[in-house]
Amino acid sequence: MNDSAPDAGWFSGVDASDLESAAAAVRDGSSEVSRDWPALAVESGFTADRESYYDALKEATTAAARSAIESRERADDRQLVHAIRAMDDCERTANELAERLAEWAGTVDPDAGTGLEYARELASEDREAVAGEPAIRSLAERVADLGDEADDLREFVERRAPTVAPNLSALAGPILAARLVSLAGGLESLAKKPSGTIQVLGAEDALFAHLRGHAPSPKHGIIYVHDAVRGTHPDHRGSAARALAGKLAIAARVDHYSGERKPELEAELAERIETIQARTSDADIGNGDDDGEPAVDGDRDDENGGTNE
Amino acid sequence: MTVNRLSTAIGTTRTEARMSNGLLPTGVQRRTIDGTERLATRGEPVYGEPTDGEWRAWAPDRSKLGAMFELEMETGLEGGETVLYLGAASGTTVSHVADFAGPTYAVEFAPRPARDLLETAASRPRLFPLLADARKPETYAHVVESDVDAIVQDVATRGQARVALENRQFLADDGRLLLAVKARSEDVTREPSDVFEEVCTDLEEGYEIFERCRLDAYHDDHLGVVARPR
């Protein structure tokens, strides 16, 4: 490869008949400057003439692009779904065990704390009080390990989500993006869901209670954790959730069908949420739910806001 | 669309005049396909575009370079050039470029569209697909030859002027930069004309701008720019 010479062409040190190493050189090489590679290749005897150089280049770039695409795309949504579910399981179990541990250790340690933090303390330092109880210490280590595992999985999701769903991750943050993909059962099925469904993903209990006719319709599901919803006055959270879900639906579709980054989505969402949040201050002054939305939209807001909070 | 209608109405005499004054590169023609006069190149169909024998229509509303030709910008392309294409996406435009140009290097960063690009490139022996980031020319400078005749740039990222400046090293001194600036990629909230002004000012650090033209007839909030390295 080109590690030795920082400004050598992809073909330097490559045998023209060895497609695999040629493709690797195209894929992994680099150069500070570009040169007249076709001429240099012929000069160095890599190929006999310009035309056969281009033939070799065609083969090498095609093979390089194919393998690079394959490995980039293997960062697929299934990995993400498993990781986020495992992360939740680890967190839940660690917390549950930490509670049990705190209760037990409390019987021998007068300064016993609570939660995962206390478990980590017990596991990392020698505490006089529990020194005679290796079983407690051992459980504490197990709990701390589980907590570490959950942290590692979170990091994994934060790294992986932006490659699987770049726009969705940019809009929702990697963790929420992964949760949405997980709840929908994959990026493709998320991309095929209407935004109204995305809005209530994770609120299935409330939704079915509503459909059975004895509850108001839920305004938001898991997207509640997004700042756009949580940061909005309760009266307008329905609108905010609807606006957010709309953008998330678009982002999921772009991610699944094209994969290109669309940074404008973030700005559009920010603008829309700002408008919605501005209503709160308007409402303080007078009777203002008016940002030029169509009447139907406004009516639905009132209905949601009035019945379900 | 108005431009398209206009040229259809005026008819063949105008077509011949255009071809003879060399605005379109050799290998790009205005042909009547499905009853309308359209730009066309010769090659394997790529995206379900209408064809007429071996000619396939080049839709200006799907291709910014197509729109630049349709709006009669002077691209300086004559056919047979060596081209570096930045932001090839799934290969809609770059397939037409490869049809009339010489060796064509197609850079695309997103793997999903690049997969389609590979298919497009399969039937075009001088179209070289590169999965790379146009903002990092050092990652493909060992493959792309120097002194290319034209850079076509259509990248939907912030800092489009910077991308053009960083890739200037590949361009021959008398080469052409054919740039489609997407205002919404720079800043959605600002007035497109302000964004264009700023991009062009930045661009002038390394390029001399010959012509600029809004592509709104085919692409909302896009500006076509023809420039030469300074």
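The values are calculated or read from the model by the stated rules, or taken from the named source; none is laboratory data. In this text the structure is predicted, and so the values were computed from the model without any measurement. For neighbour counting, all protein chains shown are included, and Cβ atoms are generated from backbone atoms with ideal geometry for every residue, glycine included. Side chains included, ligands, DNA and RNA excluded: accessible areas come from the protein's heavy atoms. Shrake-Rupley method; radii C 1.70, N 1.55, O 1.52, S 1.80 Å.
Kindly work out what percent of the DSSP beta bridges joining two residues of the stretch B:110-230 are antiparallel, to the nearest 5.
Numbers: 13 of 18 bridges.
Of the beta bridges lying entirely in the stretch B:110-230, close to 70 percent run antiparallel.
Semi-axes of the protein assembly as shown's equivalent ellipsoid from the Cα gyration tensor, sqrt of 5 times each eigenvalue, largest first, rounded to whole Å?
Values: eigenvalues 533, 234, 76 Å².
Largest first, the protein assembly as shown gives 52, 34, 20 Å.
If you find the alpha carbon centre of the stretch A:54-125 and of the stretch A:151-229, how far apart are they in angstrom?
Between the Cα centres of the stretch A:54-125 and the stretch A:151-229 lies a distance of 19 Å.
Convex hull volume of the Cα atoms in the stretch A:1-91, per residue, in Å³? If you can, show how the numbers build up before the last one.
Details: hull volume 11.1 nm³, N = 91.
Spelled out: Cα convex hull of the stretch A:1-91, divided by residues, is 122 Å³.
With everything on Cα atoms, drop me the angle between helix A:115-124 and the longest principal axis of chain A, reported from 0 to 90° to the nearest 10.
Helix A:115-124 sits roughly 60 degrees off the main axis of chain A.
Give the lysines whose C-alpha is closer than 22 Å to that of B:Lys136, dropping any in the same chain fewer than 8 places away, or say none.
Those lysines meeting the cut-off are A:Lys58, A:Lys262, B:Lys182.
Could you state the accessible area per residue of the stretch A:76-164 in Å², with a 1.4 Å probe and every protein chain left in place? Before the final figure, lay out the partial values.
Numbers: 5160 Å² over 89 residues.
Using a 1.4 Å probe on heavy atoms only, each residue of the stretch A:76-164 averages 58 Å².
With a probe of 1.4 Å, find how much accessible area chain B has per residue, and write the answer as a whole number in Å². Each step should come with its number before you reach the end.
Numbers: 9070 Å² over 230 residues.
Per-residue accessible area for chain B comes out at 39 Å².
Heavy-atom accessible area per residue, the stretch A:19-73, 1.4 Å probe: how many Å²? The partial results should precede the final answer.
Working: 2630 Å² over 55 residues.
On a per-residue basis, the stretch A:19-73 sits at 48 Å².
Give the cross-link partners of A:Lys193 among the lysines, using a straight C-alpha distance below 17 Å as the criterion and excluding same-chain residues fewer than 8 apart.
The reachable lysines, counting only those whose Cα sits under 17 Å from A:Lys193, are A:Lys219, A:Lys247.
Restricting attention to the alpha-carbon atoms of chain A, what are Rg (one decimal) and Dmax (integer), both in Å?
Rg and Dmax of chain A, Cα atoms, are 28.0, 84 Å.
In whole Å, what are the Cα extents of chain B along the three principal axes, biggest one first?
Result for chain B: principal-axis Cα extents of 44, 39, 33 Å.
Once both axes come from the Cα atoms, what is the angle between helix A:77-105 and the longest principal axis of chain A, in degrees from 0 to 90, rounded to 10?
50 degrees
Once both axes come from the Cα atoms, what is the angle between helix A:134-164 and the longest principal axis of chain A, in degrees from 0 to 90, rounded to 10?
60 degrees
Kirkwood Rh over alpha-carbon pairs of the stretch A:120-178, then Stokes-Einstein at 10 °C and 1.306 mPa s: what D in µm² s⁻¹, rounded to an integer? Walk me through the intermediate numbers first.
Numbers: Rh = 13.5 Å.
For these conditions, the coefficient is 118 µm²/s.
Where q = 0.18 Å⁻¹, what log10 of I(q)/I(0) comes from the Debye formula for the stretch A:131-280, counting one point per Cα?
Once normalised to I(0) and log-transformed, intensities are -1.02.
Before we go on, tell me the buried accessible area for the A/B pair, both chains summed, 1.4 Å probe, in Å² to the nearest 100. The partial results should precede the final answer.
On the way: alone 17190 and 10590 Å², together 24760 Å².
Summing both sides, the interface buries roughly 3000 Å².
On the principal axes of its Cα set, how long, how wide and how thick is the stretch A:76-164? Give whole Å, largest value first.
Ordered largest first, the stretch A:76-164 gives principal extents of 49, 19, 18 Å.
List the chymotrypsin sites (Phe, Trp or Tyr not before Pro) within the stretch A:71-166 that DSSP assigns to loop and that have no more than 11 neighbouring Cβ atoms inside 10 Å.
Values: sites: A:Trp104, A:Tyr118, A:Phe156; in loops: none.
Those that pass, being in a loop and sparsely packed, number zero.
Quick one: pull the percent of accessible area on the protein assembly as shown belonging to carbon and sulfur, 1.4 Å probe, ligands and nucleic acids left out. The partial results should precede the final answer.
Details: 11530 of 24760 Å².
Carbon and sulfur: 47 percent of the exposed surface of the protein assembly as shown.
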